[in-house]
Amino acid sequence: MPSHQPWYHDNITRSKAEDLLSKAARDGSFLIRDSESVQGAYALCVLYQNCVYTYRILPNEDKKLSVQASEGVPIRFFTMLPELVEAYHSPNMGLVTHLQYPVQREEEVEEEQESNNHPPQLPPRNFTADGKESESKTSEQASKSLLDTYLTRLQHIDLSTLSEEHQMAVQEYFTSSICLDAEQVQNGNPNLPGLKKLILAVCKNLNSEISRILPALEVFHRALDQQLSPGIGPKPILADSGQSMSSRLEQLTKLLYSIEDKAKSSVFEAVGYDGGHRKSLIPVVLFEVKQESLGISTKMVLKVDVESGKIYFKKSKDGPEDKYFVHNKILQLVKSQKMHAKLVIVVETEKEKILRKEFVFDDTKKREGFCQLLQLMKNKHSEKPEPDMITVFVGTWNMGNASPPGDINSWFHCKGLGKTRDDTANHIPHDVYVIGTQEDPLGEREWSDIVKNVLRKITNISFKQVAIHTLWNIRIIVLAKPEHENRISHVFSDSVKTGIANTLGNKGAVGVSFMFNGTSFGFVNSHLTSGSEKKL
């Protein structure tokens, strides 16, 4: 049994644990208590979006502990609870969200409040009846909340390792500039000028050093490219002595991007900024069909309104809307195997009678487009916490070491070669986009931004990057809708070189795999020499 762990609460009841977490009021807050039903087991309780999720921690025969997370997620075993908690601080481990803020035992909180050595506890956030933060929060309250949060965190961080100049720059940002950034975001400017000023101040010497050495590196880079064949690509093979510097610069770049992304996310969330894009709206779609009754064929129009969750049966395009059925009254879609354009819709009437309505579409693709719209409508309005179906867009592009044209929107609207969509379903955003490129001359960040911006433009959704992996000029990137972020876990990526002596990465493959709830996905993007000898 663990002792002196702030997140361990012995044998408190489930209702008491939920009460403590609701008071914490922060996504990622967690505690562990003894299981009430299984001897020797524990319960991991996690707060996310005002709901408490409970996971059992069970010992095996060797007394090693494992978490019962999402179905299909590989099980990991741990010797001690602290080891388990440390591992689940990482995202994508199968929990609804990763562990972030331990909720202390009540007696420990009381002791801290009696001591003057620590700052007072911040009041919990206020939630409205539907579980969301009140949207009427004023900008002043938002800025003050943001200020209080970061000043409290700053008091618990040792700044003695920083130079006096850097200490002052960091403190100045969290005492005043962050509020100015929040104000700028509310006025429609999401660029965070205060944060940019801070980064420039902290990286002042680094910027001048990079400016001094970059020309030399570029000359060296060009010289190496000329020694190799022209088609090899822009990434030179550096000697081992340069790897440490390369990795440090890469690490620094990722850190700066991460700081910028986290700062924007925090400020945007605090002031309720949605990125300046409206929510994705699916327009009403009409389908011309035929209905047979007593051997007589009658033309009809099916009107699908995804946003309102209704399907209308009309006698003509411009005619009155004779009948409609709400999404939860549409019980089943039955596709005919003999007539590929025929569909049976099973609905429930207000008097709870079951009706079967048969329709014949113009072709199979029209029927498929109709079915996809109805599935989207049911997913959108369903009270189920998880989707029944998702769609994936997979694209591959050999760029020939040339930059992409200014407008590549049409690529993401194309119907593709797989289970093709009808034109009527082209505007439905996919849940996941997987893009493989070969002979790609762009940097990872540049290509990622291009793809995200295109998707934002055509769907009005800010897609989240699941993974990106590059081998020389071979790249794969996976993006998903933001609502799927916590459904995706166990993300792995890797590459295989098949160039000369299997050591050069100008030929080979990159791959990404992940779990979506209990389903595993894997994608491989390859760029090989002619023939199939390197395929395996």
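General remarks:
- Scanning region 516-526 for residues that are modelled with pLDDT of 90 or more and open to solvent by 20 Å² or more (accessible area, probe 1.4 Å), we see that the one that is farthest from Thr396 (Cα to Cα) is Ser520.
- If the condition is being over 18 Å from Lys452 (Cα atoms), open to solvent by 70 Å² or more (accessible area, probe 1.4 Å) and among the small types (Gly, Ala, Ser), then region 378-409 contributes no residue at all.
- The criterion of being closer than 30 Å to Asn379 by Cα and either of a type in the set (Asp, Glu) or in contact with a helix residue (DSSP H, G or I) (Cβ under 9 Å, 6 or more places away or on another chain) (or both) does not hold for Glu439.
- Taking the conditions (1) open to solvent by less than 50 Å² (accessible area, probe 1.4 Å); (2) within 18 Å of Gly511 (Cα to Cα); (3) among the charged types (D, E, K, R) in turn, Asp494 satisfies each one other than (1).
Okay, residues lined up against (1) closer than 23 Å to Asn525 by Cα; (2) at pLDDT below 85; (3) of a type in the set (Ser, Thr, Tyr):
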site	(1), (2), (3)
Glu358	no, no, no
Asp362	no, no, no
Arg367	no, no, no
Cys371	no, no, no
Gln375	no, yes, no
Pro385	no, yes, no
Phe393	yes, no, no
Met399	yes, no, no
Pro404	yes, no, no
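- In the set (1) at pLDDT 95 or above; (2) within 15 Å of the chain's Cα centre (by Cα), His490 fails one condition alone, (1).
- One residue stands out among those in region 425-437 that are at pLDDT 90 or above and outside any loop (DSSP other than H, G, I, E, B): the one that is farthest from the chain's Cα centre (by Cα), which is Thr437.
- Within region 410-423, the presence of a residue that is buried (at least 17 other Cβ atoms within 10 Å of the Cβ), among the hydroxyl-bearing types (Ser, Thr, Tyr) and modelled with pLDDT under 75 is excluded.
- Pick from region 12-44, criterion in a helix (DSSP H, G or I) and more than 22 Å from His89 (Cβ to Cβ), ranking: modelled with the highest pLDDT: Lys16
- Within region 349-362, tally of residues that are under 22 Å from Ser293 (Cβ atoms) and without any contact (Cβ under 8 Å) to a residue 40 or more places away in the chain: 7
- Test for Thr54: is it touching a Cys at 6+ places or on another chain (Cβ under 6 Å) and polar (S, T, N, Q): yes
- Residue in region 527-536 that is surrounded by fewer than 21 Cβ atoms within 10 Å (Cβ to Cβ) and in a strand (DSSP E or B) present: no
- Odd one out for Phe287, checked against (1) assigned to a loop (DSSP other than H, G, I, E, B); (2) at pLDDT 65 or above; (3) not aliphatic (A, V, I, L, M): (1)
- Filtered residues of region 49-77 (kept if part of a strand (DSSP E or B) and buried (at least 18 other Cβ atoms within 10 Å of the Cβ)): Val52, Tyr55, Ile57, Leu65, Val67
- Residue check, Pro82 open to solvent by less than 60 Å² (accessible area, probe 1.4 Å) and at pLDDT 80 or above: yes
- Filtered by the rule that a residue be under 10 Å from the mean Cα position of the chain (by Cα) and surrounded by 18 or more Cβ atoms within 10 Å (Cβ to Cβ), region 448-466 gives Phe463, Val466.
- Scanning region 51-69 for residues that are under 19 Å from Tyr8 (Cβ atoms) and under 26 Å from the mean Cα position of the chain (by Cα) yields a count of 8.
- Residue check, Gly505 crowded, with 18+ Cβ neighbours inside 10 Å and assigned to a loop (DSSP other than H, G, I, E, B): yes
- Test for Glu250: is it open to solvent by 60 Å² or more (accessible area, probe 1.4 Å), modelled with pLDDT of 75 or more and out of contact with any helix residue (DSSP H, G or I) (no Cβ under 7 Å at 6 or more places or on another chain): no
- If you filter region 328-377 down to residues that are in contact with a Leu (Cβ under 8 Å, 6 or more places away or on another chain) and not in a strand (DSSP E or B), you find that the one that is surrounded by the fewest Cβ atoms within 10 Å (Cβ to Cβ) is Thr349.
- Residue count for region 281-302 under the criterion of being without any contact (Cβ under 8 Å) to a residue 40 or more places away in the chain and either among the β-branched types (Val, Ile, Thr) or surrounded by 17 or more Cβ atoms within 10 Å (Cβ to Cβ) (or both): the result is 4.
- Asp440 passes every criterion in (1) within 22 Å of Phe268 (Cβ to Cβ); (2) open to solvent by less than 20 Å² (accessible area, probe 1.4 Å); (3) assigned to a loop (DSSP other than H, G, I, E, B) apart from (1).
Rundown of residues vs (1) open to solvent by less than 70 Å² (accessible area, probe 1.4 Å); (2) more than 13 Å from Ala270 (Cβ to Cβ); (3) under 29 Å from the mean Cα position of the chain (by Cα); (4) at pLDDT 80 or above, yes/no style:
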{"residue": "Ala142", "(1), (2), (3), (4)": "yes, no, yes, no"}
{"residue": "Leu154", "(1), (2), (3), (4)": "yes, yes, yes, no"}
{"residue": "Leu162", "(1), (2), (3), (4)": "yes, yes, no, yes"}
{"residue": "Thr175", "(1), (2), (3), (4)": "no, yes, no, yes"}
{"residue": "Ile210", "(1), (2), (3), (4)": "yes, yes, no, no"}
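- Cβ-Cβ contacts under 6 Å between residues 6 or more apart (or on different chains), taken from a first residue in region 427-447 that is on the phi < 0 side of the Ramachandran plot to a second residue that is among the charged types (D, E, K, R), are listed as Asp431/Lys481; Thr437/Arg475; Asp440/Arg475.
- Here is the figure for region 177-192: residues that are over 19 Å from Ser145 (Cβ atoms) and either open to solvent by 60 Å² or more (accessible area, probe 1.4 Å) or among the hydroxyl-bearing types (Ser, Thr, Tyr) (or both) total 1.
- Residue match in region 8-25 (condition: surrounded by 14 or more Cβ atoms within 10 Å (Cβ to Cβ) and within 21 Å of His490 (Cα to Cα)): no
- Looking across region 290-327, the residues that are assigned to a strand (DSSP E or B) and of a type in the set (Ser, Thr, Tyr) come down to Ser293, Ser297, Thr298, Tyr312, Tyr324.
The values are calculated or read from the model by the stated rules, or taken from the named source; none is laboratory data. Keep in mind that this is a model prediction, so the values were computed, not measured. All Cβ positions, even for glycine, are placed from backbone atoms using ideal geometry, and neighbour counts span all protein chains on display. All accessible areas refer to the heavy atoms of the entire protein, side chains included, with ligands and DNA or RNA removed. Shrake-Rupley method; radii C 1.70, N 1.55, O 1.52, S 1.80 Å.
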